[in-house]
Amino acid sequence: MSFQKSCGRIMLHPSIAGVELTASCRKTDGSFEDASISIDGIRNENGTLSD
């Protein structure tokens, strides 16, 4: 399942070190857990995002 369907409060946090994506994601028991992942490595290739 894509994270967009099971997570809320999705935010991007840019910094000098890179970009972190954070969200509140639903667990199998129905509760929510704060989660984050670094999304460094995405580039702008002449107006198109790529990894």
**Request:** Summarise the accessible area of the chain (1.4 Å probe, protein heavy atoms) by the percent that is carbon and sulfur.
**Result:** 55
**Fill in**
In nm, the gap between the two label points placed 7 Å beyond Cα toward Cβ at Asp34 and Leu21 is 1.9
**Prompt:** If you take the C-alpha gyration tensor of the chain, multiply each eigenvalue by 5 and take the square root, what semi-axes do you get, largest first, in whole Å?
**Reply:** 26, 13, 8
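The values are calculated or read from the model by the stated rules, or taken from the named source; none is laboratory data. Bear in mind that the values here come from a model prediction, so they are computed numbers and not experimental data. Neighbour counts are summed over all protein chains in view; Cβ atoms, including those assigned to glycine, are modelled from backbone coordinates with ideal geometry. Accessible surface areas use protein heavy atoms only, side chains included; no ligands, DNA or RNA. Shrake-Rupley method; radii C 1.70, N 1.55, O 1.52, S 1.80 Å.
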